[in-house]
1. Amide H neighbours of V226 under 5 Å, counting only residues 5+ apart in sequence or on other chains, H built in-plane at 1.01 Å?
2. Can you show me the helix-derived [θ] at 222 nm for the chain, built from DSSP H runs with n ≥ 4 at -39,500 (n - 2.57) apiece and divided by the number of residues, rounded to the nearest 500.
3. Can you tell me, using C-alpha contacts under 8 Å and at least 6 residues apart, the relative contact order of region 224-274 as a whole percent?
4. How large is the convex hull of the Cα atoms of region 90-268 per residue, expressed in Å³ as a whole number?
5. Measuring from centroid to centroid over Cα atoms, what is the spacing of region 69-84 and region 201-267 in Å?
6. Tell me the angle of helix 87-117 to the major Cα principal axis of the chain, expressed in degrees between 0 and 90 and rounded to the nearest ten.
7. Based on other C-beta atoms within 10 Å, arrange C221, C254, C235 from fewest to most.
Amino acid sequence: MWKGDSAKWKRVKWKGVAVSDGQVVQSVDRALRLLELVAAEADGLRLSEVARRAGLAPSTTHRLLTTLEQRGFLQCDAATGTWHVGRKAHAVGAAYVLSRNLVAPAVPFLRRLRDATRETANLGVIEDGEVITISQAESREIMRAISPPGGRVPVLCSGMGKAILATRSDEDVDRMIRRHGFRAATAHSLTRPEAVQAEMARIRQQGWALDDEEYVIGLRCVAAVVWGPEGEPACAISVSGLAARMTPEKVLRCAEVVTRIATELTQAMGGKAP
């Protein structure tokens, strides 16, 4: 309960962590405040200046900054001693913008995809060698396949990842392999460059991709790319289900539905295939 001025919260201890009546964890609140302070300065801030602006002791400030650095949200320029926003902070911000632009128009299409196939429908994007599921329409089957939004899967183990990757040139695919490796998850995962290139050629020809128990044994996923306004691969959609239900015949039926709805979503977003 608030007591008087909302800015003056009563301090309490909960399991050894300082919180307020508003359930604000002090260390998290301070760390996010430091992130905001650093992000507001394009030229970065030195430790002493961050501590002064935050009203914290330099030792406390340093511990919080280094923790954020270890998580990739901040980075320190050793030459100047200034702190700057890290790659992870940019990735989180970009994911927010991307999800706002993609999720809202995609939701009704994901529901249609789920209802047409009776399997879980997914929307995903590639980031740093992995596919992130950013939206989902869960199957109504009692036994269903779910990789919750926010989950990450190596590109080459994912139907959505392979669908997007197949839009790139063979040279780009090779560069991706050299940078991120194969990261095999099951005995079905791709582990040789020539096998990857053969898979890319097959996807380009048929217009859809298959994860055939390559990330989780007992799970199959059929995916197709969704194009953006400039003819770029904006994202991918897929249906995933238990291998026992996703027979070769059903995989083909799902592929037809997925590619059709991917085309319709492309058009709804003002996209175009190159």
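Read the figures in this text as sums done on the coordinates, not as results from a lab. Since the model is a prediction, treat every value here as computed from it, not as a measurement. Neighbour counts are summed over all protein chains in view; Cβ atoms, including those assigned to glycine, are modelled from backbone coordinates with ideal geometry.
1. Answer set, sorted by chain and number: A234, C235, A236, I237.
2. Working: 8 runs with 119 residues, N = 274.
Rounded to the nearest 500, it is -14000 deg cm²/dmol.
3. Numbers: 57 pairs, mean separation 28.5, N = 51.
It rounds to 56 percent for region 224-274.
4. Values: hull volume 19.3 nm³, N = 179.
Cα convex hull per residue, to the nearest whole number: 108 Å³.
5. Using only Cα atoms, the two centres lie 40 Å from each other.
6. Helix 87-117 and the main axis of the chain meet at about 40 degrees.
7. Arranged by neighbour count, lowest to highest, C221, C254, C235 become C254, C235, C221.
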